[in-house]
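Just so it is clear, none of the values below were taken in a lab; they were calculated from the coordinates. Every value quoted in this text rests on a predicted model; they were computed, and no experiment measured them. Here the Cβ positions follow ideal geometry from the backbone for every residue, glycine too, while neighbour counts run over all protein chains shown.
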Amino acid sequence: MAKVFDSITDELQAFIAQQPMFFVATAPLSETGHVNMSPKGLDCLRVLSPNQVAYCDLTGSGNETSAHLQENGRITFMFCAFERAPLILRLYGYGKTVLPTMPEWQTLAACLPEIPGTRQIIVATIDRVQTSCGMGVPLMTLNEQRDDLLRWADKKGEQGLLDYWKQKNVISIDQMPTPLGAAISE
């Protein structure tokens, strides 16, 4: 039932645009390191080309994705149809963290929505696109996106976010450094 593609087709790009959330998975090379999977919402992802996606990575209690990407680059995205016809879409590839101080920030930020609390942009080059049936995924209806994180980030303000990043986002739970950690420690 699975189909494999070399790139994101127009039909799959339209599917991605319709999804109110997606999941991002990364893992360290260490056998004892923790695999990370994070849900993402708030319409923060864009397909930049048939083989490239980017999303606004919002402030969170950890920064595992960034640490893992710095170590080995591997990333997987998963989109599930919770309404209409069943479908699961996975994008496999290699990603990197882009910080506001990096030259490519302005170009990428122009393609993405401006969301309070964005700490970095994750950009990934996709080398495998795979669909599967999704018939085991439940049908669910979206009530609305939560705005708690946006209100929290606005209340924190620029300095408050920087302080939070220094406290919570400079190393991973496996004590791996993050690019954000190096940038704000300078």
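With helices as the sole contributors, the chain gives -8000 deg cm²/dmol at 222 nm; each DSSP H run of n ≥ 4 counts as -39500 (n - 2.57), and the sum is divided by every residue.
For the chain, there are no membrane-span-like helices by this rule, meaning no whole DSSP H stretch whose C-alpha atoms cover at least 18 Å of axis and whose Kyte-Doolittle mean is 0.5 or above; this says nothing about an actual membrane.
Pairwise Cα distances in the chain exceed 28 Å in 25 percent of cases. Subtracting the Cα-Cα distance of Met102 and Arg128 from 0.36 nm times their residue separation leaves 6.6 nm of extension gain. The loop-placed trypsin sites (Lys or Arg not before Pro) in the range 121-151, going by DSSP, that have at most 11 neighbouring Cβ atoms within 10 Å of their Cβ come out as Arg146. Taking the inverse of the mean 1/r over every pair of distinct Cα atoms in the range 1-80 gives a Kirkwood hydrodynamic radius of 13.9 Å. Taking one quarter of the surface of the convex hull spanned by the alpha-carbon atoms of the range 36-92 gives a direction-averaged projected area of 4.9 nm².
Summing Cβ point charges (Lys, Arg +1; Asp, Glu -1) relative to the Cα centre of the range 1-56 gives a dipole of roughly 100 debye.
Partnerless cysteines in the chain, where a partner means another cysteine C-beta under 4.7 angstrom, comprise Cys80, Cys111, Cys133. Gyration tensor analysis over the Cα atoms of the range 97-186 returns equivalent ellipsoid semi-axes of 28, 20, 16 Å (largest first, whole Å).
In sequence order, the range 114-129 has phi-based couplings of 7, 10, x, x, 5, 9, 6, 10, 9, 10, 9, 8, 9, 10, 8, 10 Hz under the Karplus curve 6.51 cos²θ - 1.76 cosθ + 1.60, θ = phi - 60°, and Gly or Pro positions carry x.
Of the two radii for the range 62-129, the radius of gyration is 1.03 times the Kirkwood radius, both from the alpha carbons; that is the Rg over Rh value. A crude spin-label estimate for the pair Thr141 and Lys168, with each label 7 Å from Cα along the Cβ direction, gives 3.3 nm. Residues whose amide H comes within less than 5 Å of that of Ile173, counting only those at least five positions distant or on another chain, are Asn63 (H built at 1.01 Å from N in the peptide plane).
Report, ordered by chain and residue number, the lysines lying within cross-link reach of Lys166, taken as a straight Cα distance under 23 Å and ignoring same-chain residues fewer than 8 apart. Hits, sequence-local ones excluded: Lys40, Lys96, Lys155, Lys156.
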